[in-house]
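Working notes, structure below.
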Amino acid sequence: MKICSVVGTRPNFVKEYVLNRELKSRGVKEVLIHTGQHYDYEMSQAFFDCFELPPPDYHLHLANGDGATFLAGAIVELVSVFQAERPSCVLSYGDVNSTMAAAIAASRLRIPFAHVEGGIRSAQRNNPEEINRRVSDVLADVIFCCTGTDVANLQREGFEPERIELTGDLMKDALMLTLQQCNLRPVRGDYSVLTLHREENLTDSARLEAIIEGVARSGRRVIFPAHPRTQRSLEQCRAIDIIARSRIELCKPMGYVEFIRLAAGADKILTDSGGVRREAYLLEKPCIVLIELSWFPDISRVGWKVLTGPDPDQIAQLIMAFEPTGPREELFGDGAAHRRITDELVKRYAQ
């Protein structure tokens, strides 16, 4: 049995960390392919170093310009790799361009595609991540879901039951392992953590400025690890000047363990990320989502997450006053998603 795993971004590396360990322990051959979607050292190699992941068997070094050009190049390159390797299946994670490229390339070659973290939905069907996730689900031979809500989404859309597997969330597996290994315990500290990287927030200067203005108006200390693309967007508008006059502390991107350590000591998490909002919940942090995309609505249902648009007064008020309105429920499994996914891959594709 041989699996080609396709990764390209920070969330992919986090999930690959725990699944790679499990596949290796079972003697499953994995060919690791890095598209280069996160080409910056802080966004890519630092995660390989942190997790002690093996060097990729293939690094495609694709230029991450506009999404369509990257996607087209990734499909062409991945077809060549899959033809050379002839895997039993191709696996990829989440909702990034690398994921959809892997799904299309594998499907065109009639190689089964396994989509980890499928079934998540929002109402914004033109959102780039929403497109990636829906296309990847449609093409997948098997869809591994984090929550019961994700399973229900697929069932409502008419997906065949035999293609759907409820496993829990690999991000929870990785977080639990990291907290244990680093002896970390979540506490409510004297600062909040901010992350921004969504295209909708970065390409609209007025929107970005309004978000930063809201964070600044709260008067609270906020630590802001900024992606390279985020940093460029801040510098191209008034946001960078607003930050200079505020208690927002801009810093470089962090490795996974460093970021989890920071988040574990935060009072609240402010983010537009689908992954970070889950990490916030798992770390028992109130989460303010700075985009109108309600992925993982269960976190809102239990009262630990609130969404807001680019309204400076509302953002400031939420930072100062928002607190969870209900008890935390176990939404993302029991930390054994990596074992369930591996069990199913072996059952389906071992020859």
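The values are calculated or read from the model by the stated rules, or taken from the named source; none is laboratory data. All figures in this text were calculated on a predicted structure; none of them were measured in a lab. Positions of Cβ are generated from backbone atoms using ideal geometry, with glycine treated the same way; all protein chains shown enter the neighbour counts. Please note that ligands, DNA and RNA were not included when accessible areas were found on the heavy atoms of the full protein model with its side chains. Shrake-Rupley method; radii C 1.70, N 1.55, O 1.52, S 1.80 Å.
Taking the solvent-accessible surface of protein heavy atoms with a 1.4 Å probe, what is the per residue accessible area of region 226-297 in Å²?
35 Å²
So, R0 is 25 Å and r is the distance between the beta-carbons of R110 and A350; what FRET efficiency does that work out to, to 0.05?
Rounded to the nearest 0.05, the efficiency is 0.85.
Just from the alpha-carbon atoms, what are the Rg and Dmax of the chain in angstroms?
Final numbers for Rg and Dmax: 19.6, 62 Å.
For region 177-234, divide the Cα radius of gyration by the Kirkwood radius and give the resulting Rg/Rh value with two decimals.
1.09
Which loop-located chymotrypsin sites (Phe, Trp or Tyr not before Pro) does region 246-351 contain, where loop means any DSSP state but H, G, I, E or B and the Cβ has at most 12 other Cβ atoms within 10 Å?
Passing sites in region 246-351 do not exist.
Along the Cα-to-C-beta direction of T203, a point sits 7 Å from the Cα; which residues of region 227-242 have their amide N less than 15 Å from that point?
Hits in region 227-242 for T203 at 15 Å: 229-230, 233.
Grab the DSSP H runs of the chain that are 4 residues or longer, score each as -39,500 (n - 2.57), total them, divide by all residues and round the 222 nm result to the nearest 500 deg cm²/dmol.
Using -39500 (n - 2.57) per qualifying helix, the result is -14000 deg cm²/dmol.
Which of the GluC sites (Glu not before Pro) found in region 143-177 are loop residues per DSSP with 16 or fewer other Cβ atoms within 10 Å of their Cβ?
E157
What is the log10 of I(q)/I(0) for region 285-335, computed with the Debye formula using one identical point scatterer on each Cα and no solvent, at q = 0.13, 0.27 Å⁻¹?
Result of the Debye calculation: -0.32, -1.08.
Which one of G158, G94, G333 has the biggest mean-square fluctuation once the chain is modelled by GNM with Cα springs under 10 Å?
Among G158, G94, G333, the largest GNM mean-square fluctuation belongs to G158.
Would you please give the FRET efficiency between A321 and D66, computed as 1/(1 + (r/R0)^6) with r the Cβ-Cβ distance and R0 = 41 Å, to the nearest 0.05?
About 0.55, to the nearest 0.05.
Considering every pair of different Cα atoms, what Kirkwood radius, in Å, is found for region 203-318?
Mean inverse Cα-Cα distance, inverted, gives 14.5 Å.
What residue among T308, T147, T167 has the largest mean-square fluctuation in a Gaussian network model of the chain, using Cα springs under 10 Å?
Of T308, T147, T167, the Gaussian network model singles out T308 as fluctuating most.
Using alpha-carbon positions, what is the distance between the centroids of region 275-345 and region 117-176, in Å?
If we compute the Cα centre of each part, the gap is 17 Å.
Going down the list K15/K172; K24/K347; K29/K347, which pairs span over 20 Å between their C-alpha atoms?
In this structure, no pair lies more than 20 Å apart at Cα.
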